[in-house]
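Taking it in order: structure first as structure tokens, then the write-up.
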Amino acid sequence: MMRHRRMSQSEEESHGIDLAPMLDFVLNLLIFFIITAVFVREMGLSVNRPQAAAEQTQSNDGNIMILITETGEILLDNREVDVRAVRANVVKLVSQKPKAGILVLADAKSPTGLMVQVVDEIRQGGIQNVTFATN
Amino acid sequence: MRHQRASSNHDGESHGIDLAPMLDFVLNLLIFFIITTSFVKESGVEVTRPKAATAEARQSGNILIGVRENGEIWMDRREIDIRDLRLLIERMHVERPEDTVVIVADAASPAGVVGKIMDEVRQGGIKDVLVGASSSLGG
């Protein structure tokens, strides 16, 4: 009897359940997810790390090694080069030794920004496979 | 025509508009947002990112590890010790295996710290590590 009266209150609704509470709930969920959604696109460089055991045996026979000193100097083949000259030098060396891996060996106290710049220069030269080691 | 459709198809429905299409649409939107949402774990420190022209975007890079210029490591809005990092990363990797790490290091931070973090994160199980940089093309 109660039920019948309720049905008549909601003006002769004859089909199924009432969707309104579910819709309220779903809309609330939707608003929550819209607000919390963050579309971040983190930018960065992916560099390799030397295998811990192989680090010592990886001598510079056949590998191109770029040293970054504590004071921020860049050494390539035992001579100092400018950051902007790294790309040209590396491209030249790789064309001579196409199979060589590239190792950026940074001093533990050298600034990260310089390391990123050097890796970026190498990658701009078209070489993606760069290993980053610290001492 | 319109009158006929309204009255004969929806047996005697007299109130308002049909909610079903709207509900479909809203549910689709909801599913879209549930799927695309990723809860980024901010590092909690402000750093000057190094610039790089070849920086690549990683959509799912959502564990951010911040390194300040004095070498402090920040993750999830608190400072952490390098020795705790592996355990934390292991736990996060078990919770959400698709997460990747971006090391957001200050341009003046020591490179040795960044190297150590990369090792710890890899040993913690997350192989996809980026060294954060901002694209210099974007300014």
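A short reminder: the numbers here are calculations on the coordinates, not readings from a lab. A quick note: this is a predicted structure, and the numbers were derived from the prediction, not measured. As a convention, Cβ positions derive from the backbone with ideal geometry for all residues, glycine included, and neighbour counts pool all protein chains shown.
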Of all residues in the range B:34-60 being of a type in the set (Val, Ile, Thr), within 15 Å of B:Val104 (Cα to Cα) and more than 12 Å from the chain's Cα centre (by Cα), the one that is surrounded by the fewest Cβ atoms within 10 Å (Cβ to Cβ)
B:Thr48
Among the residues of the range A:89-113, write down those that are small (Gly, Ala, Ser), surrounded by fewer than 16 Cβ atoms within 10 Å (Cβ to Cβ) and in contact with a strand residue (DSSP E or B) (Cβ under 9 Å, 6 or more places away or on another chain).
A:Ala108
Go through B:Ile31, B:Ile63 for me and flag whichever is touching a residue at least 24 places away in the same chain (Cβ under 8 Å) and either under 23 Å from the mean Cα position of the chain (by Cα) or loosely packed, with under 13 Cβ neighbours inside 10 Å (or both).
B:Ile63
Matching residues in the range B:52-89 (among the charged types (D, E, K, R), within 17 Å of B:Ala105 (Cβ to Cβ), assigned to a strand (DSSP E or B) and more than 14 Å from chain A (Cβ to nearest Cβ)) number 1
Subset of the range A:108-131, residues among the hydroxyl-bearing types (Ser, Thr, Tyr) and free of Cβ contacts under 8 Å to residues at least 40 places away in the same chain, comes to A:Thr112
Residues of the range B:107-128 satisfying the condition of being out of contact with any Gly (no Cβ under 7 Å at 6 or more places or on another chain) and more than 7 Å from chain A (Cβ to nearest Cβ)
B:Lys116, B:Ile117, B:Glu120, B:Val121, B:Gln123, B:Gly124, B:Gly125, B:Ile126, B:Lys127, B:Asp128
For the range B:90-123, name all the residues that are surrounded by fewer than 18 Cβ atoms within 10 Å (Cβ to Cβ), part of a loop (DSSP other than H, G, I, E, B) and without any contact (Cβ under 8 Å) to a residue 40 or more places away in the chain.
B:Arg96, B:Pro97, B:Glu98
Which condition number in (1) in contact (Cβ under 8 Å) with a residue 60 or more places away in the chain; (2) over 16 Å from A:Gly44 (Cα atoms) is the one that B:Pro50 fails?
(2)
